[in-house]
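Structure, as structure tokens:
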Amino acid sequence: MRRRFLLGLLVAVCALFGAWAAPRLAGPVTYGTDVGALRFQLAASAPGERGVSLFVPVADWGLRAPVIGAPVKLSVEPRAVDRDAVARAVSGGGDAEVALLRQDLEHALRRLAVRTVLLMLGGALAGGLLAALLWYVAGVRGRRLLLAPAAAVGLVAVALGGLGVWAATTWDPARLERPDYFASARPTRCAARAPSTPTR
């Protein structure tokens, strides 16, 4: 019984580590929108960093809003900006631009979610294969070795489903109106006020 527990614990550790590491090794991805290119990354995070995080390198400031209770972080960073498109979006007649931007963002977030899930499942599979190798070293033989990668992928799939439900049930968009601001992408809390807008 103790041996089975240790073998199962080994699979769980390898699977969760692989799922955690895969999105970070793959790095962020950049998607184009109507107002420019945005770099996205979605991954599990510490509870204090959950939610949406936006950082603007040029201005050296960012904001973080814990819009969900699940330990998941969506990081967004502008990489290139179309100034004409931004000017049209903020002008009085920019409703069409805003609608197009919203559509682009929704499409990008769907692609990001699918990419992240596939990466995490792939990381879980790699972790399961590593666990199977360690099982073999520990004396496990035959078809029982196939249980390790299968259990690893199944465990992470269940965990992802739980995180999805957790995020959906705790979603609170009102928190976007009360974000925490920070500088240089550091998680230290700054004064709770919006950064000053440069005057022309």
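The values are calculated or read from the model by the stated rules, or taken from the named source; none is laboratory data. Keep in mind the model is a prediction, meaning the values are calculated, not measured. Please note: Cβ atoms are built from the backbone with ideal geometry, for glycine as well, and neighbour counts cover all protein chains shown.
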Any idea which of Gly123, Gly128 is touching a Cys at 6+ places or on another chain (Cβ under 8 Å) and at pLDDT 65 or above?
Gly128
Give the residues of the stretch 47-73 that are touching a residue at least 24 places away in the same chain (Cβ under 8 Å), over 15 Å from Ala167 (Cα atoms) and of a type in the set (A, V, I, L, M, F, W, C), sorted by residue number.
Phe55, Ala59, Trp61, Leu63
Pick out the one residue from Ala80, Ala19 that is under 24 Å from Val165 (Cβ atoms) and either modelled with pLDDT of 90 or more or surrounded by fewer than 17 Cβ atoms within 10 Å (Cβ to Cβ) (or both).
Ala19
Inspect the stretch 153-164 for any residue being in contact with a Phe, Trp or Tyr (Cβ under 8 Å, 6 or more places away or on another chain) and aliphatic (A, V, I, L, M) and give the result as yes or no.
no
Go through the stretch 157-174 residue by residue and tally those that are in a helix (DSSP H, G or I) and either acidic (Asp, Glu) or exposed (fewer than 15 other Cβ atoms within 10 Å of the Cβ) (or both).
9
Does the stretch 1-22 contain any residue that is at positive phi and small (Gly, Ala, Ser)?
no
So the check is Cβ under 9 Å with 6+ separation or different chains; which pairs have a first residue in the stretch 124-149 that's closer than 17 Å to Phe5 by Cβ and a second one that's of a type in the set (Lys, Arg) and crowded, with 18+ Cβ neighbours inside 10 Å?
none
I'd like to know if the stretch 136-146 contains one or more residues that are hydroxyl-bearing (Ser, Thr, Tyr), modelled with pLDDT under 95 and outside any helix (DSSP H, G or I).
no
Looking at Ala19, Ala59, Ala80, can you tell me which residue is assigned to a strand (DSSP E or B) and of a type in the set (Gly, Ala, Ser)?
Ala80
Which numbered condition in (1) surrounded by fewer than 20 Cβ atoms within 10 Å (Cβ to Cβ); (2) hydrophobic (A, V, I, L, M, F, W, C); (3) over 14 Å from the mean Cα position of the chain (by Cα) is the only one that Val35 fails?
(1)
